[in-house]
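Data first, discussion second: the structure below is written as structure tokens.
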Amino acid sequence: MKTAERLTKIPPYLFMELRKKINKAKSDGVDVISLAIGDPVEATPDSIIDELCRTARNPLNHRYPADEEKGMLAFRKEVARWYHERYDVTLNPENEIIGLIGSKEGCHHFVLGRVNPGDTVLMTDPGYPAYRSSILMGEGIPYNVPILPQNNYLPVLEDIPTDVAKKTSAMFVNYPNNPTGACATLEFLNDLVAFARKYDIAICYDNPYSEVVFNGQQPISFLMARGAKEVGIELNSLSKPFNMCGWRLGMACGNPELIAAISKVKENTDSGIFNAVQYAGIQALSHERDFIDRMLAIYGRRRERVLKTLKNIGINFDPPRGTFYLWVPAPEGMTSLEFTNRLFDKTAVVVASGTAYGKYGEGFVRISLTVPDDRLEEAMQRIEKEFA
Ligand SMILES: Cc1ncc(COP(=O)(O)O)c(C=O)c1O
């Protein structure tokens, strides 16, 4: 059976070799500790699970979801309330908010709703790999904008060549940033809006780590920038702040035309989100704010623990203040992959090679803090024993 050519354009999964090694080691009985994946291990709060169970018992919720292509109005209203309370951003739940099956779905459907075949779409390098796949499946042409430590991992918009900007129809931007952990400033967001307006570029601001910030960094939304709603949307998600990755619930907010375009794609692709999951989402947004603080305390502690080990083995750096990842420079003279492989071979600890996120990821590895404390402690002790 021949499958679609568009799939051949999607780059191979860079962890493949490592995954083979991990599977082999596991089958040989090695105790592998993975710090490579960003998927919280602590349970979703009870009140959210209770709300799911309660509403799942109502037969009305067993039918196709309410307002299939937009998400139920009660959920959209709650999102509007959250944005107002959290960011002082006013959104109309009727036409400026849509429910999503996670922010990843939003990335994909944003491309289908905005990008024509052959359009250039900007994304950062390093960056979340799903952007490239979505652009390619939508027959756009990805263009990598480097984000470098000397610029606090923010794109230098003036360095984007004018001829590229002129043929660009969309741009993915993501802060707090996966993989670097960098956070945006309001000043940058205002510049981004001006850039987008100048070249008629639709911004897809992917903000699923909005709440995961440390050391006094304040959560910010793209929609706080002046005129943001005229040029783009923000994607957000319940996955990371409420440990709900498996529940698949998120939202897109902002420009009404883009929201309508995504809604049209959804209307013809999926039939929305299980009502009970949306009710659970309302519960999360309205009652579980404190949970976020509790998780931040846990991640903050783990961050310090990892930084201590890195210092002990001679890796000193000033880590950015967002996400539950640490973007760590590889030791002098070692590539990302060499460091990743060396760590694995010597300690059976898995980290993600920076090159999995683009060529400018060379020289870095990404360590995720979403592992139980005792496993993280064990991993750090192994690393110190081997490398200190
Ligand atoms: C930058 C970024 N965007 C989107 C996602 C997907 O989030 P969701 O679970 O909401 O689809 C992730 C998940 O790791 C991510 O890192």
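The values are calculated or read from the model by the stated rules, or taken from the named source; none is laboratory data. Here the structure is a predicted model, which means the values were calculated and not measured. Every residue, glycine among them, receives a Cβ derived from its backbone with ideal geometry; neighbour counts consider all protein chains shown. Accessible surface areas use protein heavy atoms only, side chains included; no ligands, DNA or RNA. Shrake-Rupley method; radii C 1.70, N 1.55, O 1.52, S 1.80 Å.
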### Query
Does region 133-142 contain any residue that is modelled with pLDDT of 95 or more, within 13 Å of the ligand (Cβ to nearest atom), in contact with a strand residue (DSSP E or B) (Cβ under 9 Å, 6 or more places away or on another chain) and not basic (Lys, Arg)?
yes
### Task
With respect to Ala184, determine if the residue is at pLDDT 95 or above and touching a Phe, Trp or Tyr at 6+ places or on another chain (Cβ under 9 Å).
yes
### Task
Residue by residue through region 142-182, note down the ones that are in contact with a Pro (Cβ under 9 Å, 6 or more places away or on another chain) and of a type in the set (Val, Ile, Thr).
Val145, Ile147, Val156, Val173, Thr180
### Residue count for region 178-188, restricted to those that are over 12 Å from Val156 (Cα atoms) and surrounded by 15 or more Cβ atoms within 10 Å (Cβ to Cβ)
7
### Criterion violated by Cys253 - all others in (1) open to solvent by less than 10 Å² (accessible area, probe 1.4 Å); (2) away from the ligand (no atom under 16 Å from the Cβ); (3) farther than 21 Å from Leu376 by Cβ satisfied
(2)
### Query
Do you know which residues across region 32-80 are of a type in the set (Val, Ile, Thr) and over 13 Å from Ala284 (Cα atoms)?
Val32, Ile33, Ile37, Val41, Thr55
### Task
Sort out which residues of region 133-158 are open to solvent by less than 60 Å² (accessible area, probe 1.4 Å) and among the hydrophobic types (A, V, I, L, M, F, W, C), and write them in order of number.
Ile135, Leu136, Val145, Ile147, Leu148, Leu154, Val156, Leu157
### Task
Filter region 1-15 down to the residues that are at pLDDT 70 or above and of a type in the set (A, V, I, L, M, F, W, C), then identify the one that is farthest from Gly140 (Cα to Cα).
Met1
### Scope region 359-388; condition outside any helix (DSSP H, G or I) and at pLDDT below 95; matching residues
Ala388
### Query
Does Pro11 fit the bill of being surrounded by fewer than 20 Cβ atoms within 10 Å (Cβ to Cβ) and in contact with a Lys or Arg (Cβ under 8 Å, 6 or more places away or on another chain)?
yes
### Summary
Residue pairs qualifying under the 6 Å Cβ cut-off, at least six apart or on distinct chains, with the first in region 169-198 being within 18 Å of Tyr131 (Cα to Cα) and the second being among the acidic types (Asp, Glu) and more than 11 Å from the ligand (Cβ to nearest atom), are Ser169/Asp119
### Task
Quick one: count up the residues across region 192-243 that are away from the ligand (no atom under 16 Å from the Cβ) and among the acidic types (Asp, Glu).
2
### Message
With the requirement that a residue be among the basic types (Lys, Arg) and more than 11 Å from Pro208 (Cβ to Cβ), what does region 233-267 give you?
### Response
Arg248, Lys264, Lys266
#### Entry: From Glu68, Glu78, Glu96, residue being acidic (Asp, Glu) and either open to solvent by 60 Å² or more (accessible area, probe 1.4 Å) or within 16 Å of the ligand (Cβ to nearest atom) (or both)
Glu68
### Task
Specify the residue that is surrounded by the most Cβ atoms within 10 Å (Cβ to Cβ); the eligible residues are those in region 101-132 that are within 16 Å of the ligand (Cβ to nearest atom) and small (Gly, Ala, Ser).
Gly106
### Message
Condition check: among the β-branched types (Val, Ile, Thr), away from the ligand (no atom under 16 Å from the Cβ), assigned to a helix (DSSP H, G or I) and in contact with a strand residue (DSSP E or B) (Cβ under 9 Å, 6 or more places away or on another chain). Does Ile49 satisfy that?
### Response
no
#### Entry: region 27-49, subset touching a residue at least 40 places away in the same chain (Cβ under 8 Å) and more than 27 Å from the chain's Cα centre (by Cα), residue surrounded by the most Cβ atoms within 10 Å (Cβ to Cβ)
Val30
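Condition check ((1) modelled with pLDDT of 95 or more; (2) more than 26 Å from Pro65 (Cβ to Cβ)) across all residues:
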position	(1), (2)
Asn268	no, no
Gly272	no, no
Asn275	yes, no
Ile282	yes, no
His287	yes, no
Ala297	yes, yes
Arg301	yes, yes
Val306	yes, yes
### Task
Select, from Asn174, Asn215, the only residue that is of a type outside the set (A, V, I, L, M, F, W, C) and at pLDDT below 95.
Asn215
### Task
Scan Ser271, Ser239, Ser286 and give me the residue that is among the polar types (S, T, N, Q), part of a helix (DSSP H, G or I) and in contact (Cβ under 8 Å) with a residue 40 or more places away in the chain.
Ser286
